[in-house]
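First up is the structure itself, then whatever we jot down about it.
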Amino acid sequence: MLFSKTEKGNYGYLKKLKNRRLILMILCFIFILGDVLFSLIFFQTKKTLFVIIAAVMSIPFAKNLIGYLMTIKYKPLTEEELKEAEAIAAKHETALAYDVSVTDTEGILYYPCVAIYNNNVIAMQQQGQNQKKKDSVAYLKKIRSDAKPRVVVVDSLKEIDRELSRLNPPREEQKREDLILAERLLELGL
């Protein structure tokens, strides 16, 4: 259940990712500690092949530790907010992506909910998050330079609903373009 695949963009992805990294980090740490202790107890020295194996195992430990620490401050939508988001999606006949993260050299930009509709990306940023909207918009515009999507970063689901209400329904060919845009957005994250 812990390692079952939750697709990017689906609700619960971030929670599964955090739990998976935490479990792998703990397992790597236990293996490293056991390996070093085994070497010390049975050979009374640290100059064994077991210590080299422990040193190599520190790489996945560090990778999972950093990944966990980078995502620990981000919170997904609550159950109430999820129901509200699903109602908004049904009202506008569109799909929403949840737990969307975008990584860049500065860190992670996290969006609990994103709507891609008629070449528009409407991303809800987490409350109290220290990311500048201007920087978010500039980075999200790079998703697909050929399509030049309109990007709006909002603070609540009500604002997503208001932005979607302003837009015309997409044509069939635009729906295909929106799917490509959504796939490209999900490729940029964790």
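The values are calculated or read from the model by the stated rules, or taken from the named source; none is laboratory data. Note that the coordinates shown come from a computational prediction; the quantities given were computed from them, not determined experimentally. Here Cβ is always computed from backbone atoms with ideal geometry, including for glycine, and neighbour counts include all displayed protein chains. Keep in mind that these areas ignore ligands, DNA and RNA; they rest on the heavy atoms of the full protein, side chains included. Shrake-Rupley method; radii C 1.70, N 1.55, O 1.52, S 1.80 Å.
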Residue 150 accessible area, nearest 10 Å², 1.4 Å probe?
100 Å²
Ignoring any ligand, DNA or RNA, what whole percent of the accessible area of the chain comes from carbon and sulfur when the probe is 1.4 angstrom?
61 percent
Cα axis of helix 172-187 to longest principal axis of the chain: angle in degrees, 0 to 90, nearest 10?
20 degrees
Mean separation of Cα pairs under 8 Å and 6+ residues apart, divided by the residue count of region 42-190: what relative contact order is that in percent?
22 percent
If you count only protein heavy atoms with a 1.4 Å probe, what accessible area per residue comes out for the chain, rounded to a whole Å²?
60 Å²
Restricted to the chain, the DSSP antiparallel beta bridge percent, nearest 5, is 75 percent
Would you kindly derive the ³J(HN,Hα) couplings of region 33-50 from the backbone phi angles with the Karplus curve 6.51 cos²θ - 1.76 cosθ + 1.60 (θ = phi - 60°), listing them in order in whole Hz, with x for Gly and Pro?
4, x, 5, 5, 4, 4, 4, 5, 6, 8, 10, 6, 7, 9, 8, 10, 5, 5
Distant-in-sequence amide H partners of residue 11 (H built 1.01 Å from N, under 5 Å)
98
Report the semi-axes of the equivalent ellipsoid for region 1-116 in whole Å, largest first, where each axis is √(5λ) for an eigenvalue λ of the Cα gyration tensor.
42, 13, 9
Positive-end residue, the chain charge dipole about Cα centroid, Cβ charges, pick of 57, 149, 170
57
Karplus-derived 3J(HN,Hα), 6.51/-1.76/1.60, for each residue of region 104-113, Hz, glycine and proline x:
9, 5, 7, x, 10, 9, 10, 10, x, 8
